[in-house]
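Participant: Here's a structure for you.
The values are calculated or read from the model by the stated rules, or taken from the named source; none is laboratory data. Quantities reported herein were computed from a predicted structural model and do not represent experimental measurements. We place every Cβ from the backbone using ideal geometry, glycine too, and count neighbours over all the protein chains shown.
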Amino acid sequence: MLRKPSPRISTYSLCEPTSLIKFSKIWVKNIWKFFLGRKRFLLITPPFFKIQLAFDRCNNSMFTVQIRDAIDWCTTKQIYIDQDYSFKSLKRREDIEGYYNLLKREGISPLIVDCGANIGLAVVVSI
């Protein structure tokens, strides 16, 4: 069954009651999994803030991500919490990491191209 188009603005709000509850549960679950040692990234800021503060366990560093709406937060979740862009699942992971480390040892700064299909978050995962 097709839905009727909503007369609202196309931006999905994180502050609607149902969204607030749904995204808050996901956020709390991420915190729990991070402290159990299973996640690389921790989104520190609750999902309804426009500036998201995150922690990267591998690099032991903090960084911020600016989001506009619920879609951007879902993209942030997809990349950092679900780790959809992780190299761990690739069959040639060792080859890619080996070549990347070789370039770094030779003093060459590897070029990482993020074509911005979402909001440009993949680069932080690659660094």
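Participant: Can you name the residue in region 86-106 that is in a helix (DSSP H, G or I) and among the acidic types (Asp, Glu) and, of all such residues, is farthest from ARG57 (Cα to Cα)?
Facilitator: ASP95
Participant: Next question. Within region 58-85, track down each residue that is over 21 Å from PHE23 (Cα atoms), part of a loop (DSSP other than H, G, I, E, B) and of a type in the set (A, V, I, L, M, F, W, C).
Facilitator: Scanning region 58-85 gives a single hit, CYS58.
Participant: Could you grab me the full set of residues in region 83-110 that are surrounded by fewer than 13 Cβ atoms within 10 Å (Cβ to Cβ) and among the charged types (D, E, K, R)?
Facilitator: LYS88, LYS91, ARG92, ARG93, GLU94, ASP95, GLU97, LYS104, ARG105, GLU106 - these are the residues of region 83-110 that are surrounded by fewer than 13 Cβ atoms within 10 Å (Cβ to Cβ) and among the charged types (D, E, K, R).
Yes/no per residue for (1) touching a Phe, Trp or Tyr at 6+ places or on another chain (Cβ under 9 Å); (2) touching a residue at least 24 places away in the same chain (Cβ under 8 Å):
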site: LYS25; (1), (2): no, no
site: TRP32; (1), (2): no, no
site: ARG38; (1), (2): no, no
site: LEU42; (1), (2): yes, no
site: GLN52; (1), (2): yes, yes
site: ARG57; (1), (2): yes, no
site: ASN60; (1), (2): no, no
site: ILE67; (1), (2): yes, yes
site: ALA70; (1), (2): yes, yes
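Participant: Among the numbered criteria (1) loosely packed, with under 12 Cβ neighbours inside 10 Å; (2) of a type outside the set (Ser, Thr, Tyr); (3) at pLDDT 90 or above, which one does VAL113 miss?
Facilitator: The number of the failed condition is (3).
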